[in-house]
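Participant: To start, I am sharing the structure in question, which I have written as structure tokens.
The values are calculated or read from the model by the stated rules, or taken from the named source; none is laboratory data. Keep in mind that this is a model prediction, so the values were computed, not measured. Every residue, glycine as well, gets a Cβ built from its backbone with ideal geometry; the counts of neighbours run over all protein chains shown. Accessible surface is based on the protein model in full, side chains and every heavy atom, while ligands, DNA and RNA are left aside. Shrake-Rupley method; radii C 1.70, N 1.55, O 1.52, S 1.80 Å.
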Amino acid sequence: EGFPQDGLHEFRVTTKFNEEIRGMIANKDSFFVFKERSTAYLTGSLPENDLALEILEADVGTVCHKVLQEVQGAIFFMDKVGGFWSVVAGRLPVFIGYGIENEFRENSRGLNFRKAVATNFRFDDKYVCHIPGDSPVFFTFDYASLPAGGTRSAWLAWNGVNGNGGVLATADD
């Protein structure tokens, strides 16, 4: 498994924007293909010859393949215009970046979205995305369960942490 870097297959999925493929990931019984401004998913099986490709109607894609992570059964990804989105097999993208969306629209920090890297720390119930730039930032989505039920579902921005040299995690996240 991997994302091709040779540039030979970037236009295999045709959309109205005619942009490059930026990432791919499987979720449940679907295979998602993310372009810069569009998202498609493939369902079906080769032995049964019932493959179907659907282009999602929303004008949403991902900046790079390193931000794609499965979080509680959904795929999280980052669009450079609106911020963070979520999608599950066969559903339209849902905006989840409330509270931090202006960081993407204004980009006053000079963030380099194409070099973003994310991981899902399941042990701590956190999706963490590092975006390098003039003033790098870690955006963290805390989805920890609450004692009364439900989840916290809050975005945090960790400023002043320079992760350009890497981030260390244990085997237990």
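Participant: Name every residue in segment 102-116 that is in contact (Cβ under 8 Å) with a residue 40 or more places away in the chain and out of contact with any Gly (no Cβ under 8 Å at 6 or more places or on another chain), in order of residue number.
Facilitator: Once the filter is applied, which keeps residues that are in contact (Cβ under 8 Å) with a residue 40 or more places away in the chain and out of contact with any Gly (no Cβ under 8 Å at 6 or more places or on another chain), segment 102-116 yields PHE113, ARG114, LYS115, ALA116.
Participant: Here is a follow-up. Which of the residues spanning segment 61-74 are open to solvent by 10 Å² or more (accessible area, probe 1.4 Å) and among the polar types (S, T, N, Q)?
Facilitator: Within segment 61-74, GLN69, GLN72 meet the criteria.
Participant: To continue, here is another question. Out of the residues in segment 134-150 meeting the condition of being farther than 16 Å from PHE76 by Cα and not hydrophobic (A, V, I, L, M, F, W, C), tell me which one is least open to solvent (accessible area, probe 1.4 Å).
Facilitator: Filtering segment 134-150 for residues that are farther than 16 Å from PHE76 by Cα and not hydrophobic (A, V, I, L, M, F, W, C), the one least open to solvent (accessible area, probe 1.4 Å) comes out as PRO136.
Participant: Check PHE104, PHE77 and return the single one that is of a type in the set (Phe, Trp, Tyr), in contact with a helix residue (DSSP H, G or I) (Cβ under 7 Å, 6 or more places away or on another chain), surrounded by 15 or more Cβ atoms within 10 Å (Cβ to Cβ) and not in a loop (DSSP other than H, G, I, E, B).
Facilitator: PHE77
Participant: For ALA58, indicate whether it is open to solvent by less than 80 Å² (accessible area, probe 1.4 Å), farther than 16 Å from PHE138 by Cα, touching a Leu at 6+ places or on another chain (Cβ under 8 Å) and of a type outside the set (Phe, Trp, Tyr).
Facilitator: Against the criterion (open to solvent by less than 80 Å² (accessible area, probe 1.4 Å), farther than 16 Å from PHE138 by Cα, touching a Leu at 6+ places or on another chain (Cβ under 8 Å) and of a type outside the set (Phe, Trp, Tyr)), ALA58 qualifies.
Participant: Yes or no: ARG37 modelled with pLDDT under 90 and either more than 14 Å from the chain's Cα centre (by Cα) or surrounded by fewer than 18 Cβ atoms within 10 Å (Cβ to Cβ) (or both)?
Facilitator: Judged against the criteria, ARG37 is not a match.
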